[in-house]
Structures are given as structure tokens and as C-alpha cells.
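Student: Before we start, here is the structure in question, set down as C-alpha cells.
Please treat every number below as a calculation from the coordinates, not as lab data. All values derive from a computational prediction rather than experimental measurement. With ideal geometry, Cβ positions are generated from the backbone for all residues, glycine too; neighbour counts draw on all protein chains shown.
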2 protein chains.
Amino acid sequence: MKKFRLFTPGPTMVPEDILLEMAHPITHHRTPEYREMAKEVTGLLQYLFQTKGTCICVTGSGTSAAEAAIVGCCSPGHKALVIRNGKFAERWAKVCKAWDIDHTALDLEWGTGAKVADVAAAMDADSKLDTVIVVHSETSTTALTDVQGIAGLCRERGAIMIVDGITAVGAIPVKMDEWGVDAYITGSQKALMLPPGLGFVAISDRAWDRIEGGKMHSLYTDIKAYRKSADTGDAPYTPANTLMAGARMALRKIKEQGLENIWAETSMLAKATREAAKAIGVKVYAKDTVDSVTALVVPDGIDEPKLRKTIKASYGFHIAGGQGDLKGKIVRFSHMGYVDAFDTLGVISALELTLGQLGYKFETGAGVAAAQKVFAESLK
Amino acid sequence: MKKFRLFTPGPTMVPEDILLEMAHPITHHRTPEYREMAKEVTGLLQYLFQTKGTCICVTGSGTSAAEAAIVGCCSPGHKALVIRNGKFAERWAKVCKAWDIDHTALDLEWGTGAKVADVAAAMDADSKLDTVIVVHSETSTTALTDVQGIAGLCRERGAIMIVDGITAVGAIPVKMDEWGVDAYITGSQKALMLPPGLGFVAISDRAWDRIEGGKMHSLYTDIKAYRKSADTGDAPYTPANTLMAGARMALRKIKEQGLENIWAETSMLAKATREAAKAIGVKVYAKDTVDSVTALVVPDGIDEPKLRKTIKASYGFHIAGGQGDLKGKIVRFSHMGYVDAFDTLGVISALELTLGQLGYKFETGAGVAAAQKVFAESLK
């Protein structure tokens, strides 16, 4: 039997029991039962983001949630620094542009993450900057930004810090309150192992002070409208209630497993993938590698679309290609959510088989053996 | 065994095979398979709206889709007339206010729909009005607006007409192109018998001409970003792909059944409910009744929350109460989507049983007999 395994960095595989949970008969959302469920989701999101702040569910993609947070925090009179180091970072600069938000975009080399020094230098050069927007895990380049360090700087300088945590939250360490982040965003179809359709935002009290004073030109993405729903469970607009039922089950699983354990497992899968690549002479793309997604450089002479087509058609693994300038140059593997060592060993095996068929020279089995060594060290 | 039946005017019951269709393993949306599916959905939406115009799917509630259409059509320099005859109509005036859209709200008595004369008089009084926003079926009051007539007027005067068809499209006659409507909106959780989470908009070429010239301050609800996705199947932001798979199946069912047949059945269910109410001395609330939802006036001496609580707890029927000023005064029954004569006979039976238990005096069985007569006339 041919099996299909989804290794794209979102959507990710959804556990079978969550798929069936969402297939339950439809109920109404203006009921005590729904409100209880939504409040439980909110509470579990606080655990997920490691915050006592308000956690909000938006029916929409991660972009809708990020836009609500950015626009809410960046009223006229404020100026944002957008660190632009990949395709998703570019999108947040586009949000600023669309809304006429006063901002400066700081371009970093793709494959690198932002460091404290980058942000400090930009803030030194422009005293109007009072908001910092970064991508924790830039999915397009698999680069990790130093959120903890930059949040510390923002706390020192009184700036509001907004973090796109779409492929970070629930996969790699995120400690919103301890680090001092003001708005953290994620989406359902990543480490939360749900279908797409929900965006989540956690907001600090510092951010609310700014948001409540600002003017928001929108109804659907007006984050203020969602604030009280976090307490009452009563969404301002009809919520995607089947996805919310899935979210409750997914978040319960995450809490039961424990975030620290999940972070460790994700890190192990990433390490195994990097070690496997190294063992077969394939380069890891990013300089500042993140553990939720790995990008490998397609070896010279190998046709990237053919690689992805073959690994999917012959072996059932759907991996992602590159985006923007990286199209045709890299392939990406997710380590988020409902994926384990044995799935990962499978994708490494399929990658070896595919590269071999396409004429790439390497020692067969070196990749899986290298991954196995990482698992043997960690899983004991 | 106790059965649960959802009679709220959205969410509505979802067919079991659609629930399971959405429980299939997750796949990626940047694939030829997804694009084919999205294009099929687009084509089926054109049938649903009866238009050759562009049909767009937004991951969000109906409000997100309506906001995208309104804001897209109402750039500075244009002035909108918002007919305000219920809670959802009020929301579109709020969208205009949030976005500083030049507009006039015309208040009509709740329970009535807008007529050509209302709109003509408003336009005569203010020559700047070049956009008309109406609710086809005002879910909160169950009132029907004369969309065909008002669209004719808009065509005569060169105005753009935006119609909230959230509880109209797929339930009652909607002929977008024949009537000359420019933007028609609906949501997934009504006549489309899907869970909440998708909004749909159909846009005429006349509306595109205006939209393309305007400036949109948004990313997620910028309707322009969705335009090309209707042709390519490539959504601008991660789409709710499981809901889209459900939408394809639901729309295929609708096309197979035939819109005219669905409109006739919805109308029959509404008539049966009204006749049943009359037979037991319960008043129908709306003056201009719509066939997708029926509101009945709670008889004097009957406690409305107790009525709804009893009919749900004892008999498993979830009906809706009133909203805003109508809270405690009416109860509402959906006739949309996956509901038939026998379900409707069931809810009338349960209503009789509940009213009887709460002390209301009427001839037991008169309601179901009256409904049965309507079915006997229609189903032959």
C-alpha cells in the first residue's frame, strides 16, 4: 500500500483523531458549550505561548492574525522597524505599506536571522522607532531570529515587539512573558497540527495599552473586537467552530506531551535531518538554522522540481521547494507537529532513494545511519 | 436514542458525507490538485450565484467577505446608501464607519425589507449616492429585500449594488447577472451546509472597474489580491483547504439537485412552518417574510429562554432566539441546506409539545397537520 506523508512546513499532518473530532455534527457557537470550549482553547493557548496575556483566535490564515496585531499596535505616531529576511518578513512590510504605517524595513541576508546588534543599530540611527517586527522562524529560509535577545532590547528601550511565530510557536522554545514579547502570532496548520483556517495572537498588557488608544480602520481584523472574547468565549464574528474543536484537542495533546518535550523532539528531528544531509554531502541552506523546518541546498546537477516530483510520486513524501529567489535552489522539510523520528527516517530514506535515481553520487545509507545515530543519542 | 437537530439560521446541519470529506488527510494547497479543486469550486460558485462574474473564497466568516467587497467598492469619492433594517444591515454601516466610507444609513422598520421606492427616494434626495448596500435576507428579522427591483434601479442610475446574501444565496432565488447585482456575498455555514470558516463573494465586471481604481488599506481583505486566484486556483494566503474540499462536495450536491428545486423546497418548508404557526395561533414576526428563515413571535405568557431551553433539552432541536431588540420576543427556524420536510415536521411537533408543556393553549396536532397539508400539495 502506498502511504502519503506531508512534510511541507505547513500545512502539516493532522492526527487522525483530530480529523474525526472536527467531523462531529455541527453545533452552534452562541451556546454555553461553545463558550466553555473557546475559553479552554484560550487557556491552553496561554500555555502554548507561555503567557498570562490575552490569547485570541481569528478565523483566517496566520496573515489575518498578524495583520490584526501589526495594525493594532502601529497607529499613527508610532514607527516600526521591520526586519526583512525572507518571504514572510516581506509580507509584514507589505502590511505596513498597505496601511500607511510609518516604518523602516531592514534587509538581512536570506538564511540569517536578526540579532540584537541589528536592531540596536537601527534604533540608534532612528529614535522614532518604537515598534519592532520580526519573524521568529522564517519559514521561507529556515532562519532563526534571536527573539529573546531582541525582546530584552525592546524592554530596555520601551519598544513594542511583534513576533511572527507561525512556524515557531509549539515547535521551538517560545517564552512570551519571560522574554517580554508584546504580540506573538501563530497559525493552525503548523506545530498545532490542524488544518489551515485559524490564526492565533497573544497580546501583552503593554500592547493593549497602545492598541486601545489607537484608531483601527477595520472591522474583521480589529483586534480590539476580539479582546473580550478571550474572557467570555464569545467570538465577535462566527467562528470556525469545527476547527476550534480540533484546536482544543490539539492543544490538550500538546499540554499532555509538555512543551519542553516537544521542543526537544523537534530539535532532534532537525538535527537528524541536518546530520543526514551532511553524511550524504548535501548542504544545509540557512546560516542561522531553525529547528522547526530544514532547508537543504539541491546539489549541483540535480533538477529541483524533478526531485520533489519523484519523491512524491514514487515514495509519497510531499516536501516543499523554495520561494522567491530560492525557487529551484532548496527543498524544505517540516519537523513540526504530528511527525516523529520514524517518519523523519522515512523522508531521509526517500531522499536518498530519489537522489540516487537522479544520478547524485553518495554512499547509500549514510544519511539514514547518521539520522539513526542522532535518534540513538536522544531516545533513550 | 436522543437525536440532535440544528435549526439555527447558521450554522446549519452538515451532511455526514461532507463532514467525512473534510476529515481526509491534509494535503498542500500549492499543488495542481488543490488548484483544480479551487477552480472547480469557483465554477460551481458561478452557478450558485448565477453569474459569469469572478467568484472569490475568503478564509474567514461572511463578515470578512462582506468587508472586502464593501471596502473595495467604496473608495474615497464614492458614497454609499446602507439600508439598515436589522442586525446584519447595521454591521455593514459599521464597516463604513470603521473605514471612514462616506455613507448614509436609511433605517427601516425591523421585519420589513427594502423596496425600490425606499432606495429611489434616498437617491433622489442625495445625488452623491452611487453605491447601494442591502441585505437580501436579514437573518435577524427574517425580512426579504427586493433585490431584483433595487438592482434594476441601480442599473438605471449607474450605481454599484452590494448585496449581503448570507442567508439568501443557495436558499432563495438569486440571479446575480440577470438582475444586475455587482457584489453578492455569502458564507459557508448557511445554505451551503458547511461549517463556518469560508466567505464567498461574487463580483461583476462593473464592480472590478471601480475596485481596481480604488485604494485599499488592507492586505488580508484586499479583494484585488483574490481576483486572480479565481482563475488560477492559487489563493493569496493559505486557504482553509479542508473546508474547500467540503465546499466542492456541497456545491456539487447543490448543482445536482438544481437551484430551482432547492429554492422550491426551501419555500415549501417556510410555508409549512408559517401555516403550522397560524394553525396554533402563533404569529409570524416579519412583514416581508423571507423563505430561508422563519421568525415566530413568542406568545404572551411564554418565557422565550425557557421555550428554547426545553425544546433543546427535551427534544434535541436547537432553534435560535431573537437578537438585539428582538431578544426574548421571537424564535427562529432555519430552512436552509441539509434539512427536509420530515425534519421540519419534527421541529413543528417539538414546538407544539414544548408550548403545550409551558401552558400555551391550542389544539394539539393542528400545527403538524397544517404543515402536512403544505407538504401534500407540494410533494407529489
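Student: Neighbouring Cβ atoms within 10 Å as the yardstick, rank A:LYS79, A:LYS97 fewest first.
Tutor: Details: A:LYS79 18, A:LYS97 14.
Listing A:LYS79, A:LYS97 from fewest to most nearby Cβ atoms yields A:LYS97, A:LYS79.
Student: Let me ask you something else. Excluding residues on the same chain fewer than 8 positions from A:LYS128, give the lysines whose Cα lies under 16 Å from its Cα.
Tutor: A:LYS79
Student: Which of the aspartates and glutamates could a cross-linker span from B:LYS309 if the Cα-Cα distance has to be under 15 Å and same-chain partners fewer than 8 positions apart are dropped?
Tutor: Partners within reach: A:GLU33, B:GLU352.
Student: Another question, if that's okay. Can you work out the FRET efficiency for the pair A:LEU20 and A:ASP340, with r the C-beta to C-beta distance and R0 = 25 Å, to the nearest 0.05? Walk me through the numbers on the way to the answer.
Tutor: Working: r = 20 Å, r/R0 = 0.80.
Computed FRET efficiency for A:LEU20 and A:ASP340 comes out at 0.80.
Student: So, one more: Straight-line reach only, C-alpha to C-alpha below 18 angstrom: list the lysines that B:LYS228 could link to, leaving out same-chain residues fewer than 8 apart.
Tutor: Output for B:LYS228: B:LYS39, B:LYS52, B:LYS215.
Student: With only alpha-carbon atoms in the gyration tensor, what are the semi-axes of the equivalent ellipsoid for the stretch B:1-149, in Å, largest first?
Tutor: Values: eigenvalues 230, 93, 39 Å².
Each semi-axis is √(5λ); the values are 34, 22, 14 Å.
Student: Using the Karplus curve 6.51 cos²θ - 1.76 cosθ + 1.60 with θ = phi - 60°, what ³J(HN,Hα) values do you get for each residue of the stretch A:99-106, in whole Hz, with x for Gly and Pro?
Tutor: 9, 6, 7, 5, 7, 10, 9, 9
Student: Other chains near A:208-219: what is the mean number of their Cβ atoms within 10 Å of each residue's Cβ? Show your work: numbers first, answer last.
Tutor: Values: counts 0, 0, 0, 0, 0, 0, 0, 2, 1, 8, 9, 15.
What the average comes to for A:208-219 is 3.
Student: Just to check, using Stokes-Einstein with a Kirkwood Rh over alpha carbon pairs, what's the diffusion coefficient of the stretch A:304-378 at 10 °C and 1.306 mPa s in µm²/s? Display every interim value, and only then the final one.
Tutor: Values: Rh = 13.2 Å.
Value of D from the Cα-based Kirkwood radius: 120 µm²/s.
Student: Taking K and R as +1 and D and E as -1, what net charge do the other residues with C-beta under 12 Å from the C-beta of B:GLY199 add up to?
Tutor: -1
Student: Given the protein assembly as shown, what percent of its DSSP beta bridges are antiparallel, to the nearest 5?
Tutor: Working: 42 of 80 bridges.
Antiparallel bridges: around 50 percent, rounded to the nearest 5.
Student: Quick check: the distance between the Cα centres of the stretch A:181-255 and the stretch B:189-204, to the nearest angstrom?
Tutor: Using only Cα atoms, the two centres lie 22 Å from each other.
Student: Which whole-number percentage describes the relative contact order of chain B, with Cα contacts under 8 Å and a sequence gap of 6 or more?
Tutor: Working: 799 pairs, mean separation 89.8, N = 380.
Relative contact order here is 24 percent.
Student: Compute the label-point distances linking B:ALA366 to its equivalents in the other copies; points lie 7 Å from Cα along Cα→Cβ; give nm, one decimal, shortest first.
Tutor: 8.9
Student: For B:LYS97 paired with B:GLN323, estimate the spin-label separation in nm (one decimal), with each label point 7 Å from Cα along the Cα-to-Cβ line.
Tutor: Roughly 1.6 nm, to one decimal.
Student: How well do other chains shield peptide A:61-69, expressed as the mean number of their Cβ atoms within 10 Å of each residue Cβ?
Tutor: Numbers: counts 10, 2, 6, 9, 1, 2, 5, 1, 0.
For this peptide, the per-residue mean of nearby foreign Cβ atoms is 4.
Student: How far is A:GLY43 from itself in the other copies, in nm, if each label sits 7 Å out from Cα along the Cα-Cβ line, shortest first?
Tutor: 4.9
Student: Looking only at the stretch A:16-257, where both bridge partners belong to it, what percent of the DSSP beta bridges are antiparallel (to the nearest 5)?
Tutor: 45
Student: Let me ask something else about it. For q = 0.04, 0.08, 0.11 Å⁻¹, what log10 I(q)/I(0) does the protein assembly as shown give under the Debye formula with an equal point scatterer on each alpha carbon and no solvent?
Tutor: Values, matching the q order: -0.17, -0.67, -1.18.
Student: Here is a further query. Can you give the three extents of the C-alpha atoms in the stretch B:16-257 along their principal axes, from longest to shortest, in whole Å?
Tutor: The Cα atoms of the stretch B:16-257 stretch 56, 35, 29 Å along the principal axes, largest first.
Student: Using a Förster distance of 45 Å, how high is the FRET efficiency between A:ALA117 and A:LYS255, based on the Cβ-Cβ distance and rounded to 0.05?
Tutor: Numbers: r = 36 Å, r/R0 = 0.80.
That pair, A:ALA117 with A:LYS255, gives E of 0.80.
Student: Something else now. Please identify the longest segment of chain B free of exposed GluC sites (Glu not before Pro), where exposed means a DSSP state other than H, G, I, E or B and no more than 15 other Cβ atoms within 10 Å.
Tutor: Formally, the longest exposed-site-free interval is B:110-362.
Student: A:GLU212 label points, 7 Å along Cα→Cβ, one per copy: pairwise distances from this copy to the rest in nm, shortest first?
Tutor: Here the equivalent label points are 4.6 nm apart from this one.
Student: Another question, then. Just the number: Rg to Rh for the stretch B:173-287, Cα atoms, Kirkwood Rh, two decimals. Mind showing how you got there, number by number?
Tutor: Working: Rg = 18.4 Å, Rh = 17.2 Å.
Taking Rh as the inverse mean 1/r over Cα pairs, Rg/Rh reads 1.07.
Student: What FRET efficiency comes out for the pair B:ASP177/B:ALA369, r = Cβ-Cβ distance, R0 = 35 Å, nearest 0.05?
Tutor: Values: r = 42 Å, r/R0 = 1.20.
So the FRET efficiency works out to roughly 0.25.
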